[in-house]
Each structure stands twice: as structure tokens, then as C-alpha cells.
Amino acid sequence: MTTTPLPAAKALDAYFLEIRCKILEIAAILDRIGRGEGAATVDRDPRLEKIRQALEVLDDQSGGRAERIQKIFSLDYDPSWQRPRPR
């Protein structure tokens, strides 16, 4: 079964408030980090760098944003990883 994408205007209508809420939440969290004691020392924290990279991807109109952001936060493949074993 093939699904057709939601028309852009309907998707914007359906998700605008949810997106707005999430962006405001991210802004508030980043403000808390920036106001916190020792904020200058975490400025180069690799996690914060990844957040900044992800925010740049959000502004890129070329598509595939979810996949690219997932890759930013994912570990590189390591062929020596052991397979999980059932208990």
C-alpha cells in the first residue's frame, strides 16, 4: 500500500504549534545552560557541539534533516561490537 504525503499546507497547519513548542523548549534549555555557573567551560563540550550542528541542519532546506540529525547523534559503526545475546 502506497501512502501519499500530507500536503505541505496541511502538515504546517497540523504541526505548527507542536514545532513552536519544541523550539521554545530547546531555546529555554540552551538559555539555562548559558546562564548556568561554568557556562564558559561547557561551551566546547562535544554534546553542545552536536546540538549546534543539529540546529544548523534544521535550517538547511535540502531535505533529509531527520536522517542527518540522527547521524550527528549516533555512534560510528564499530565492527567489533558484540551482538546482544538473549537472556
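The values are calculated or read from the model by the stated rules, or taken from the named source; none is laboratory data. As the structure is a prediction and not an experimental result, all values here were calculated from the model. Here the Cβ positions follow ideal geometry from the backbone for every residue, glycine too, while neighbour counts run over all protein chains shown. Heavy atoms of the whole protein, side chains included, go into the accessibility calculation; ligands, DNA and RNA do not. Shrake-Rupley method; radii C 1.70, N 1.55, O 1.52, S 1.80 Å.
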Original post:
Name the residues in the range 49-87 that are open to solvent by 100 Å² or more (accessible area, probe 1.4 Å) and acidic (Asp, Glu), would you?
Top reply: Glu56, Asp59, Glu67, Asp76
Original post:
Just checking, how many residues over the range 22-48 are closer than 23 Å to Gln70 by Cα, open to solvent by 80 Å² or more (accessible area, probe 1.4 Å) and part of a helix (DSSP H, G or I)?
Top reply: 6
Original post:
In this structure, is Ile19 closer than 20 Å to Asp59 by Cβ, under 15 Å from the mean Cα position of the chain (by Cα), among the β-branched types (Val, Ile, Thr) and open to solvent by 80 Å² or more (accessible area, probe 1.4 Å)?
Top reply: yes
**OP:** Report, ordered by the first and then the second residue, all pairs with beta carbons closer than 6 Å, sequence separation of six or more or different chains, a first member in the range 44-64 that is more than 18 Å from Ile33 (Cβ to Cβ), and a second member that is open to solvent by 70 Å² or more (accessible area, probe 1.4 Å) and modelled with pLDDT of 95 or more.
**Re:** Val57/Arg65; Val57/Arg68
